[in-house]
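Below: the structure, in structure tokens.
The values are calculated or read from the model by the stated rules, or taken from the named source; none is laboratory data. Just so we're clear, the structure is a prediction, and the values are computed from it rather than from any experiment. Neighbour counts are summed over all protein chains in view; Cβ atoms, including those assigned to glycine, are modelled from backbone coordinates with ideal geometry.
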Amino acid sequence: MTLRASSGLSLFETRATGGGAPYYTAISLDPSDYMLDRIAFSRGRFAIETAGLQSLAIPIWPEFTRVVEDCRS
């Protein structure tokens, strides 16, 4: 999976979350991962790209930055 923000991108290995349909995958990020800063300070949106699936453009809300700060505290 690729997370893409206006200041850069990072590649992550996904893992299945188990269970039946609908199927989900997940990634794990350390609270100090610089990609969280890239997403928080992105210009309005960040993208989630996964091979074989349509890319998603997700808007950034101020709450995201607060959650990142809380996880680091």
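Looking at segment 7-31 only, could you name the residues that are assigned to a loop (DSSP other than H, G, I, E, B), surrounded by 10 or more Cβ atoms within 10 Å (Cβ to Cβ) and in contact (Cβ under 8 Å) with a residue 12 or more places away in the chain?
S7, F12, T14, I27, L29, P31
Consider only pairs whose beta carbons are under 8 Å apart and that are at least six residues apart or on different chains; among these, list those whose first residue lies in segment 55-73 and is in a strand (DSSP E or B) and surrounded by 12 or more Cβ atoms within 10 Å (Cβ to Cβ) and whose second residue is modelled with pLDDT of 90 or more and of a type in the set (D, E, K, R).
Partner pairs satisfying both residue conditions: I58/R45.
Select, from S73, S55, the only residue that is in contact with an Asp or Glu (Cβ under 8 Å, 6 or more places away or on another chain) and small (G, A, S).
The conditions single out S55.
Yes or no, residue by residue, for (1) out of contact with any Ser or Thr (no Cβ under 9 Å at 6 or more places or on another chain); (2) under 25 Å from S73 (Cα atoms):
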| position | (1), (2) |
| --- | --- |
| T2 | no, no |
| G8 | yes, yes |
| A16 | no, no |
| G19 | yes, no |
| I27 | no, yes |
| D30 | yes, yes |
| D37 | no, yes |
| L56 | no, no |
| W61 | yes, yes |
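Of everything in segment 15-34, what is aliphatic (A, V, I, L, M) and more than 13 Å from M1 (Cα to Cα)? Give them in sequence order.
Within segment 15-34, A21 is the sole residue that qualifies.
Could you please find all residues in segment 32-54 being in a loop (DSSP other than H, G, I, E, B), surrounded by 12 or more Cβ atoms within 10 Å (Cβ to Cβ) and in contact (Cβ under 8 Å) with a residue 40 or more places away in the chain?
The answer is T50, and nothing else.
Do we find that I39 is under 12 Å from R4 (Cβ atoms) and in contact with a Leu (Cβ under 6 Å, 6 or more places away or on another chain) in this structure?
no
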